[in-house]
Amino acid sequence: MKVKAINGFKDILPDEVTRWQYIENLSRDIFHRFGFKEIRLPIMEETGLFARSIGQATDIVEKEMYTFVDKGITLRPEATASLLRAFIEHGIHVQQPVNRLYTIGPMFRHERPQKGRYRQFHQISAEVIGAVEPQVDAEVMAMGQLLLMEMGLEASLEVNSLGCLECRPPYREKIVNFLENLSEQLCSDCQRRTHTNPLRVLDCKNPRCRELVQDAPSILDSLCSGCSEHFTQVQASLDLLGVQYSVNKFMVRGLDYYTRTTFEFIAHNLGAQSAVGAGGRYDGLIEDLGGPKLPGIGFAMGIERLVLLMLERSDDDLGLQQKTDVFVAALGEEAASHSALLVHTLRKSGIKAAMDYSGRSLKAQMKQAGRLNSRYTLIIGENELEQNTAVLRNMENQNQQNFTLEDGPASWGNSLKLIIENSVSA
Ligand code: ATP
Ligand code: MG
């Protein structure tokens, strides 16, 4: 039987994993600088949680969820709903008024697999719960931008406001009127959306629809005074922090829960899958889910797309070359058993050490040391062992020195460790 991974699900092989670790480590570092704490969540929830929060008439809920119909549970398509469920369930807000949380993990959506789009993909998500101030919106976007910058990636930030429960319904009416007049000319999806989810028509990818909506009324002209003032201050705060952005009045996002600020990080060299990250404010959602009346804002970045963007940078440039400090090449059985103890001693003291147990020739072992990017090779032969010496070769400059073997492998480990560590700092 020959089995392959299922379509849209992919293996992340060791050479690529180093990039994933790089992204995850850098994200954690930046999140901690901004006072965020990690939360880890289950990958399944009750289906109702997603239908309720993301919205019944969204692409995700209508056609992209992996649901076990008989069990009433769904593989999470995004993290915000699960995070809020946990937040409410554990009363996290009781401990402090504003909570900054992040989580990293797999998400599942039944979409058409293509470059940058998979059925299992991974997101880095960050959420601030309990703060309504526009400065927080700016802080969250600034954090996302810093993350991309420190990864050495270029992406632009687009910002919009979607208003609130007060100003969106009248705007929705305006947009429905506008769309009804176009009806026949819109793509079939958009004709349907005109009544189920009219705002979505604004960011349809179909070129004809795009052209048609250019003259659509803008949400920004329909904001109530509170939302308008909030959006003005968000922009002022972004300016204050020196964050570059542009306002995109057609950005609506595919999830129903957004209110006020929404944003996307767009990379221009990702082809069709140009969004690397996106987010927004969701001020009514926590209450909707049965929690306290608290506002929230957050974003998610897709790790697969970050990795694609990073392809232009080499492993060397990113400091990702995996190296071995010392490879111990043993010749003969006695040397091999001493070497095994030596290697273990070195590993216990924090040195990356390796050896080969197969009793291969010196030449083969040196080749293996090369494959492992070893900085040193210690060659212990039978004759040398009798004379209490070994040869230590620096693989970078090929210099060799005699290494004295006295008092057994455990103590050789200490002197070898000294040599290695001194040469690192040199
Ligand atoms: P898109 O417009 O590309 O479908 P989206 O608006 O559905 O994106 P969000 O739900 O906002 O995306 O998710 C945030 C990020 O997660 C995206 O910017 C992207 O980097 C990533 N992402 C979303 N869906 C996928 C997927 N199927 N495969 C890989 N990454 C994804
Ligand atoms: Mg999508």
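Can you give the net charge of the other residues whose Cβ lies under 9 Å from the Cβ of ASN269, counting K and R as +1 and D and E as -1?
-2
Counting only protein heavy atoms and a 1.4 Å probe, tell me what percentage of the chain's accessible area is made up of carbon and sulfur. Write down the numbers at each step before the final one.
Details: 10270 of 20990 Å².
That fraction is 49 percent.
On average, how much accessible surface per residue is there in the range 258-409, in Å², for a 1.4 Å probe, leaving out ligands, DNA and RNA?
Accessible surface, normalised per residue, equals 47 Å².
Could you work out the local net charge near LEU255, counting Lys and Arg as +1, Asp and Glu as -1, over the other residues with Cβ closer than 10 Å to its Cβ?
Local net charge: -2.
I want the local charge near MET395. Using Cβ-Cβ distances under 14 Å, sum +1 for each Lys or Arg and -1 for each Asp or Glu among the other residues.
Working: positive: LYS323, LYS352, LYS367, ARG371, ARG375, ARG393; negative: ASP325, GLU396.
The answer is +4.
Bins of 5 Å, beginning at zero and ending with the bin holding the largest distance: percent of Cα pairs per bin for the range 289-375, please.
Binned Cα distances yield the sequence 3, 11, 14, 14, 10, 7, 8, 8, 6, 5, 4, 4, 3, 2, 0.
Please compute the alpha carbon radius of gyration of the range 110-210, then divide it by the globular-protein estimate 2.2 N^0.38 Å. Two decimals is fine.
Its radius of gyration relative to the 2.2 N^0.38 Å reference: 1.40.
Scale the Cα Rg of the chain by the rule-of-thumb value 2.2 N^0.38 Å and send over the ratio, two decimals.
Compactness ratio reported: 1.29.
Taking square-rooted eigenvalues a ≥ b ≥ c of the alpha carbon gyration tensor, is the range 342-426 rounded, prolate or oblate, where a/c under 1.5 means rounded and, failing that, a/b exceeding b/c means prolate? Please report the intermediate quantities before stating the final value.
Values: a/c = 1.30, a/b = 1.04, b/c = 1.25.
Rounded.
How big is D, in µm² s⁻¹, for the range 1-158 by Stokes-Einstein at 4 °C and 1.567 mPa s if Rh is the Kirkwood radius over C-alpha pairs? Before the final figure, lay out the partial values.
Values: Rh = 17.5 Å.
Rounded, D is 74 µm²/s.
Counting only helical runs of four or more DSSP H residues, what would the 222 nm mean residue ellipticity of the chain come to if each run contributes -39,500 (n - 2.57) and the total is spread over all its residues?
Numbers: 15 runs with 166 residues, N = 426.
Mean residue ellipticity at 222 nm (helix-derived): -12000 deg cm²/dmol.
Among the listed pairs LYS323/LYS363; LYS37/LYS115; LYS37/LYS63; LYS174/LYS249; LYS115/LYS205; LYS323/LYS417, which are separated by more than 23 Å between their Cα atoms?
Correct reply: LYS37/LYS115; LYS37/LYS63.
Given Cα positions, please report Rg to Rh for the range 56-129, the hydrodynamic radius being the Kirkwood one.
On the way: Rg = 14.5 Å, Rh = 13.9 Å.
My calculation of the ratio gives 1.04.
The values are calculated or read from the model by the stated rules, or taken from the named source; none is laboratory data. Remember, it's a predicted structure, so these values are computed and weren't measured experimentally. Counting neighbours? That spans all protein chains shown, and the Cβs are built from the backbone with ideal geometry, glycine included. Ligands, DNA and RNA are stripped out before the accessible areas are found, and what is left, the full protein with its side chains, is counted by its heavy atoms. Shrake-Rupley method; radii C 1.70, N 1.55, O 1.52, S 1.80 Å.
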